[in-house]
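Input: a single structure, listed below in structure tokens.
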Amino acid sequence: MAIPDAEVERQIQQMIQFIDHEADEKEVEILAKADEEFNIEKGRLVEQEKQKIRAFYEKKEKNAELQKKIQLSNLQNQARLKLLKQREQHLDEVAVKATEQLRTLTSDIGHYQNMLMGMITQGLCQLLEPAVTVRCRQKDLQLVKDVVDKAGKQYTALVNLEVALKIDEKTFLPSDTAGGIQLSARDGKLLVVNTLEARLDQIIMQKVPEVRSMLYGNNPNRRFFD
């Protein structure tokens, strides 16, 4: 028996409605999934950009901090160098004043003559040579002549060695030398400079740390004092 046309039409409409419903559900599902994927991708891109921006400013901040430390270190070094320069200038001034005071030592002839004898004896003990030439300022020539034999005897008594002493009467120490003597042996190959300036230089080298402490106080960073 044939199905009535109305029934066929009804079934066709039902099929169409079913297909439309399935299509609508599928469309909703596709749109929802697309929205979800879009939101995920958008979140990922936003977070990625945030990280880039954060890294950029962190690097910028670190560079700024580094530059600040470098500038501070440079300023500290400049201040330290300036202070050291001022201290060295001050010490140089002390040395100059001490050199000027040395020249007053020769004004007391008796004291200075004894000093010359001691300087000769000390130089002989440093050389320990059998023949030594003594050189002095021209103005001190007679003073040295008066004490050279005594100095030789002092030397012999100290080290039990004989020495032949000769005074150089042709070549003298510079006239602007504060005083003292110079000893030489073996044709000038061995030399002992025992002038007042040389002795002052030795004292300054030994006493500079002590003078620094007196003038500026102890350095808290110094570990060795010998």
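The values are calculated or read from the model by the stated rules, or taken from the named source; none is laboratory data. A quick note: this is a predicted structure, and the numbers were derived from the prediction, not measured. Methodologically, a virtual Cβ is constructed for each residue, glycine included, from the backbone with ideal geometry; neighbour enumeration extends over all protein chains shown. When the accessible area is computed, the model is the full protein with side chains, heavy atoms only, and any ligands, DNA or RNA have been set aside. Shrake-Rupley method; radii C 1.70, N 1.55, O 1.52, S 1.80 Å.
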Original post:
In square angstrom, rounded to the nearest 10, how much accessible surface does Asp201 have for a 1.4 Å probe?
Top reply: 90 Å²
Subject >> Angle in degrees between helix 196-216 and the longest Cα principal axis of the chain, rounded to the nearest 10 >> reply: 40 degrees
**OP:** Grab the beta carbon distance between Met15 and Phe38, set R0 = 45 Å, and tell me the FRET efficiency rounded to 0.05.
**Re:** 0.85
Original post:
So if R0 is 22 Å, what FRET efficiency would Ala157 and Ile109 give, r being the distance between their Cβ atoms, rounded to the nearest 0.05?
Top reply: 0.30
Subject >> Those lysines that a straight Cα-Cα span of less than 30 Å connects to Lys52, excepting residues fewer than 8 apart in one chain >> reply: Lys33, Lys42, Lys60, Lys62, Lys68, Lys69
Original post:
Using 0.36 nm per residue, how much length does the chain from Ala198 to Gln138 gain when fully extended, once their Cα-Cα distance is taken away?
Top reply: 19.8 nm
Subject >> Entry for Rg/Rh (Cα atoms, Kirkwood Rh) (calculated from the structure that is shown) out of (i) 1.05; (ii) 1.85; (iii) 1.01 >> reply: (ii)
Original post:
Which net charge results for the neighbourhood of Glu58, defined as the other residues with beta-carbon distances under 14 angstrom from its beta-carbon, given Lys and Arg at +1 and Asp and Glu at -1?
Top reply: +4
Original post:
Remind me, relative contact order of the chain in percent, using alpha carbon pairs under 8 angstrom and six or more residues apart?
Top reply: 16 percent
Original post:
For the range 77-193, what is the largest minus smallest coordinate of the Cα atoms on each principal axis, given in angstrom and ordered from greatest to least?
Top reply: 58, 30, 27
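Tally Lys and Arg at +1 and Asp and Glu at -1 over the other residues with C-beta under 13 Å from the C-beta of Asn74: what net charge comes out? Before the final figure, lay out the partial values.
Working: positive: Lys68, Lys69, Arg80, Lys82; negative: none.
That sum, taken over residues with Cβ under 13 Å, equals +4.
So how much slack lies between Leu66 and Val96, counting 0.36 nm per residue of separation and subtracting their Cα-Cα distance, in nm?
6.4 nm
Suppose every Lys and Arg Cβ carries +1 and every Asp and Glu Cβ carries -1, with no other charges. What dipole size does the chain come out with about its Cα centre, to the nearest 20 debye? List each step's numbers first, then the result.
Values: 34 positive and 36 negative charges, 623 e Å.
Charge dipole of the chain: 3000 debye, to the nearest 20.
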Subject >> For the chain, built as a Gaussian network whose Cα springs stay under 10 Å, the top-fluctuating residue of Met117, Met15, Met205 >> reply: Met15
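Which entries of Lys139/Lys189; Lys85/Lys139; Lys97/Lys139; Lys150/Lys170 show an alpha-carbon separation above 32 angstrom in the structure shown?
Working: Lys139/Lys189 26 Å; Lys85/Lys139 38 Å; Lys97/Lys139 23 Å; Lys150/Lys170 22 Å.
From the list (Lys139/Lys189; Lys85/Lys139; Lys97/Lys139; Lys150/Lys170), the Cα-Cα distance tops 32 Å for Lys85/Lys139.
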**OP:** Please find, in a Gaussian network model of the chain (springs between Cα atoms separated by less than 10 Å), the residue of Ala32, Ala64, Ala198 whose mean-square fluctuation is greatest.
**Re:** Ala32
Original post:
Rounded to the nearest whole Å², what accessible area per residue is found for the chain with the 1.4 Å probe?
Top reply: 77 Å²
Subject >> q = 0.20, 0.24 Å⁻¹: log10 I(q)/I(0) that the Debye formula gives for the range 63-129, counting C-alpha atoms only >> reply: -0.89, -0.97
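Determine the gain in length on full extension of the stretch Ile167-Gln48; use 0.36 nm per residue of separation and subtract their C-alpha separation, reporting nm with one decimal. Could the numbers behind the result be given before it?
Working: separation 119, 0.36 × 119 = 42.84 nm, distance 9.35 nm.
The Ile167-Gln48 span can extend by a further 33.5 nm.
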